[in-house]
Amino acid sequence: MKHLTSINDLSRDDALSILEMAREMHDVQRRPVKKLPALRGRTVVNLFFEDSTRTRSSFEIAAKWLSADAINVSAKGSSVSKGESLRDTVRTLDSMGIDAIVMRHPGSGAAQQVRGWVDASVVNAGDGTHEHPTQALLDAYTMGIDVEGKVVSITGDLAHSRVVRSNVLLLQKLGARVVLVAPHTLLPAGVDAWPAEVTTDFDAVLPDVDVCMMLRVQRERMAGGYFPSEREYTALYGLTARRLAKLKPTAVIAHPGPMNRGLEISSAAADDHRSIVLDQVSGGVAVRMSVLYHLLAGNE
Ligand code: NCD
């Protein structure tokens, strides 16, 4: 395994191997001294052309806890703002002899393109509305890895979400039953061919789900007109306090963040004892440690 730009890069066994090693990596996080020598002497560049809080810091922490050198390059403050092309930017960084590029870019397919231009390993940390494979891995990790037979609903702005694409691919590999919930206007084109059930009726699925995953309404990717008003969106698709009461006591509530409290998720749901939102963040570091290890040292 050299690159991770799509869940399709992974076999079921690869995915399970990453998730199981993440468990061991997670123990490091609970120690006072959080350092393993596994990637000493390796250099990881975080190249971010879009805003990020958790993904970028989590990759940086993951690299550092494995003793790699981690460098952050963002579009703002780099030669990208002087008009340099993506190809020239990544080839410049690659020429310095780095080992991995973790990249986030607004263009769908950007990470796949970069694979052909560099010697370094490429990790896709979100490309437009295409994929975000480490998010899906950390989601599965937080759901307990063994998700075979679990019912996972994914509700929200699916049309603009890269998280849903990676999640559907991974959850199918791992044997979960995925139910996608959104108004027609926020369903992705071609969704009928995806290995998932699709519905517009959120209330009907709530009593059956084991994992209720909520996705953000991505205002920055929409020009408006996708739903009549925020109030109506919340009334039909928000995880409100009323809907919370319809979930099984054993169900968990997930959200990749950042959350729009009061829009797709109420504070009652985000802060409920069944919410695993912060566990996703915590597991995210462990999963990214495991991914970097698999890509950079997995063959040793
Ligand atoms: C997601 C992303 O950037 O795709 N966030 C994340 O990585 N935690 C989802 C989002 O932006 O809504």
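The values are calculated or read from the model by the stated rules, or taken from the named source; none is laboratory data. Please read all numbers here as calculations on a predicted model, not as lab measurements. Glycine gets a Cβ as well: all are built from the backbone with ideal geometry, and neighbour counts include every protein chain shown.
Scan 109, 83 and give me the residue that is without any contact (Cβ under 8 Å) to a residue 40 or more places away in the chain, touching a His at 6+ places or on another chain (Cβ under 7 Å) and not assigned by TED's automatic domain parsing to the domain that holds residue 154.
Only one candidate passes the filter, namely 109.
Go through region 115-165 and give me each residue that's on the phi > 0 side of the Ramachandran plot, buried (at least 23 other Cβ atoms within 10 Å of the Cβ) and assigned by TED's automatic domain parsing to the domain that holds residue 45.
126
So residue 293 ticks every box in (1) under 22 Å from the mean Cα position of the chain (by Cα); (2) surrounded by fewer than 18 Cβ atoms within 10 Å (Cβ to Cβ); (3) away from the ligand (no atom under 16 Å from the Cβ) but one. Which box is left unticked?
Only one criterion is unmet by residue 293, namely (2).
Hey, among 240, 234, which residue is surrounded by 15 or more Cβ atoms within 10 Å (Cβ to Cβ) and touching a helix residue (DSSP H, G or I) at 6+ places or on another chain (Cβ under 8 Å)?
Among 240, 234, only 240 is surrounded by 15 or more Cβ atoms within 10 Å (Cβ to Cβ) and touching a helix residue (DSSP H, G or I) at 6+ places or on another chain (Cβ under 8 Å).
Scan (1) over 21 Å from residue 20 (Cα atoms); (2) more than 16 Å from the ligand (Cβ to nearest atom) for the single condition residue 150 breaks and write down its number.
Failed condition: (1).
Looking only at region 187-197, filter to residues that are part of a loop (DSSP other than H, G, I, E, B) and away from the ligand (no atom under 16 Å from the Cβ); which one of those is surrounded by the most Cβ atoms within 10 Å (Cβ to Cβ)?
Selected residue: 196.
Return the residue satisfying two criteria in turn: it lies in region 153-186 and is part of a strand (DSSP E or B), touching a residue at least 40 places away in the same chain (Cβ under 8 Å) and of a type in the set (A, V, I, L, M), and of such residues it is nearest to the ligand (Cβ to nearest atom).
That would be 154.
I'm checking my understanding of the structure. Among residues of region 37-71 that are of a type outside the set (Asp, Glu) and surrounded by fewer than 16 Cβ atoms within 10 Å (Cβ to Cβ), which one is nearest to the ligand (Cβ to nearest atom)?
The residue in question is 53.
Assuming residue 145 fulfils every condition listed in (1) under 21 Å from residue 280 (Cα atoms); (2) within 11 Å of the ligand (Cβ to nearest atom) apart from one, which condition is it?
Result: residue 145 fails condition (2) only.
Being out of contact with any helix residue (DSSP H, G or I) (no Cβ under 9 Å at 6 or more places or on another chain) and either away from the ligand (no atom under 16 Å from the Cβ) or among the hydroxyl-bearing types (Ser, Thr, Tyr) (or both) narrows it down to one residue among 208, 272, 203; which is it?
208
Taking the condition in contact with a Lys or Arg (Cβ under 7 Å, 6 or more places away or on another chain) and within 30 Å of residue 36 (Cα to Cα), does residue 67 pass?
Yes.
Within region 225-300, which helices (runs of 4 or more DSSP H) (wholly inside it) include 1 or more residues that are of a type in the set (S, T, N, Q) and in contact (Cβ under 8 Å) with a residue 40 or more places away in the chain?
Helices (runs of 4 or more DSSP H) meeting the threshold: 277-297.
Are any residues in region 21-35 crowded, with 16+ Cβ neighbours inside 10 Å and more than 26 Å from residue 259 (Cβ to Cβ), and if so, which ones?
Answer for region 21-35, where residues must be crowded, with 16+ Cβ neighbours inside 10 Å and more than 26 Å from residue 259 (Cβ to Cβ): 21, 28.
Read through the list (1) small (Gly, Ala, Ser); (2) loosely packed, with under 14 Cβ neighbours inside 10 Å; (3) within 19 Å of residue 143 (Cβ to Cβ), then give the number of the only condition that residue 254 fails.
(2)
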